[in-house]
1. Taking the protein assembly as shown, how much of its Cα-Cα pair set, in percent, is spaced more than 37 angstrom apart?
2. More than 39 Å apart: what percent of Cα pairs in chain B qualify?
3. Given a Förster distance of 45 angstrom, what is the FRET efficiency for B:ASN374 paired with A:LEU278, based on the Cβ-Cβ distance and rounded to 0.05?
4. In whole Å, what is the distance between the alpha-carbon centres of the stretch A:25-103 and the stretch B:157-236?
5. Measuring from label point to label point, each 7 Å out along Cα→Cβ, what is the B:LEU315 to B:ARG401 span in nm?
6. As an exercise, identify the GluC sites (Glu not before Pro) in the stretch B:111-193 lying in DSSP coil whose Cβ has no more than 14 other Cβ atoms within 10 Å.
7. Using only DSSP helix segments of four residues or longer, with each worth -39500 (n - 2.57), what per-residue ellipticity at 222 nm results for chain B after dividing by its residue count and rounding to 500?
8. Mind giving me the FRET efficiency for B:ASN383 and B:ILE66? R0 is 45 Å, r the Cβ-Cβ distance, nearest 0.05 is fine.
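Values quoted throughout were computed directly from the atomic coordinates according to the rules given, and no laboratory measurement underlies them. Note that the structure is predicted; figures quoted are calculated from it, not measured. Cβ coordinates were reconstructed from backbone atoms using ideal geometry, including for glycine residues, and neighbour counts include every protein chain displayed.
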Amino acid sequence: MLTTAIIAGLVLGGTYALVAMGLTLQYGIARIMNLAYGETMIAAAFAAFVLKNALGLNPMAGLLLVVPAGFAFGYAIYGVMMRPLVARAGDRSALEIDSILATFGLLFVIQGVLLVLFGSNYMSYSYLNIPVSILGANIAANRLLALGLALTIGLTLYGLLRYTRWGTAIRAVAVAPQSAVLVGIDVNRAARFAFALGGALAAAGGVVISMYQTFTATSGVTFTMKALIVVIMGGVGNLLGALSAGLILGMVETFVATYLEPGLTLAATYAIFLALLLWRPQGLFGKATR
Amino acid sequence: MLEPIGGRRAPFLLLSTIALAALAIWPADSAAQERSSVKIGYAVSKTGVNAGGAGITTIPNYQLWIDNVKKAGGLEMPDGSRLPIELIEYDDRSSAEEVVRAVERLAAQDEVDFILPPWGTGFNLAVAPLFDRYGYPQLAVSAVTDKAPDFVERWPRSFWFLGGGADYTDALANLLVNAREAGTIGDKVAMVSVADGFGIDLVTAARESFAEADIEVVYDKTYPVGTTDFSPMVNEASGTEADSFVAFSYPPDTFALTQQAQVSGYNPKVFYLGVGVGFPAYGEENPAAEGVMSLGGIDPTNEANRDYRRRHHELTGQGPDYWGSVITYASLEMLQEAIKRVGLDREAVSRELSTGTFQTVLGETKLENNQLRNLWWAGQWQNGVFVGIAPPDRPGAATPRLPKTPWKN
């Protein structure tokens, strides 16, 4: 029973982590609070759905198409919509407010396009919904895949950011955008790249989610909310933080549902969130506020 | 000081005079005209959390009906003439405030002849006082409530088409009792429900129905809306001795619960889930759905219903669901026929709906105390069709196939 709960919790947490990592990149490095993040995921989910149903392409192969498309989309959105905001914003908080308003609008644009294209129906398809037995617990292969992807992406990106010259430059932008310019870093390029990378991660999350979750054109906001909680818990801009916060959240939800009461999962999530905000507002892995 | 105020006021006065003059001319003008159309309006959730449900049960049927009327040359009046429908449509964005505002606007500002109801129990209750105040008949289809008889007393022009929670849970308890007496299953049930309108209503009714039928509920948990991971609940339920699994769930949960049961290899003898099982996507081309039970159902031998399903598919590109869709369409046919019999007087139409007998896609349809009671309370997927199995004595009822065949992986 206990091992089943632990494994189910880790797998659920893997989904949360996968969803949150893109947002933490966009918010932490590009300083864009992207409220349309969930919609980007849903758009990717629809893309996977169409590729599977119309072209018979399996979602794993779909990832190879949709993830670069997510990157390109993020890159374009940053260039067209965010760049002017960044250019005119006097300080960080001004940019945050402007980007929240702008992406709030973007949310409705993407949602509207999806509604026109696909209507408001529930979409679902089944892929890799086969049991995999781990230590006696039966886990769906598609959820295991989400955990695997979250771990791979999280650790790879962490390694890149930590140990490469390119990663150091990106981190410099995250920590001190004004000073980064002084040492010859193209802040704008770095931010744009981080934002696009976030878009690619959102797309990956969307494709994986679509393998096992029913979605509609309007369900993006629930993903944004969950991702936001994970991002703030883990520390803004911190990939390892998002990864571990996601896993913790998944574990807590599963344990509460198994041993206490499934009705209390949401309450438990927000209780932890509140506690963390009270005692460690900068998040698990965040640095004290500058 | 005086001059600028007067300067600003002058054009305002001029404008309001013109407006008043226009108003004075307008009614005389329109009254002289013959009526050239019938205005029909509705507010429904095209976006937001309810869009998924409205998009399958309500909106396609409104479209199909309006298309049908258009093809017939308009709505037929008692004198045999036909008037085209002028449609006014609002999106309530899944907000109860918004649906109330939109219905008020349809009644007071757009002055439509008839208003079609929104989707959902809560939304139908929210707009019921308005329908009543403005004298519109309310054909509440996508609303499940045990209080329908009280509502009919309070709002005499309200009509309730989908029964109440206890109707469904009594039928379910009856099915389980029959299977128990046949020796197919034991008397223990594991039950989960979503902590929201539908789930709360149904699980409350079910606890009572099961207690009366001496069915023991060994696992009874609720979960919040938006839950995506059902492995703890399915694992707990499969750890009990219950032969039957019952979930009063919303569509995303229904799909997720089914997948989780398959993955966990959980094969209860009775597998009964909530909204979503009756969606064509759930079982029409999915052999794994065989034997799954839920609310609703159809009589597959009904010719009119078959024809309706074909037309629905042709126009909207998707099949109707197996619960509320056909009822929604039948309620519109009743409205159309009532208008044909008594004209556009809303009071007379309400009376006709209440007392008349109608030929609809359901067959001969008649309301009892403003409620449709001849319904399928439970259904089961059998060979790719979600057939009605309860009440068992209703003509066209299929025999339940129990125990459910194990999942095929």
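1. Details: 112366 of 243951 pairs.
Percent of Cα pairs beyond 37 Å in the protein assembly as shown: 46.
2. Details: 21261 of 83436 pairs.
Here the long-distance tail beyond 39 Å is 25 percent of all Cα pairs in chain B.
3. After rounding to 0.05, the efficiency reads 0.20.
4. 42 Å
5. 3.2 nm
6. Counting only loop positions with at most 14 other Cβ atoms within 10 Å, the GluC sites (Glu not before Pro) in the stretch B:111-193 are B:GLU111.
7. -14500 deg cm²/dmol
8. Details: r = 33 Å, r/R0 = 0.74.
FRET efficiency, B:ASN383 to B:ILE66: 0.85.
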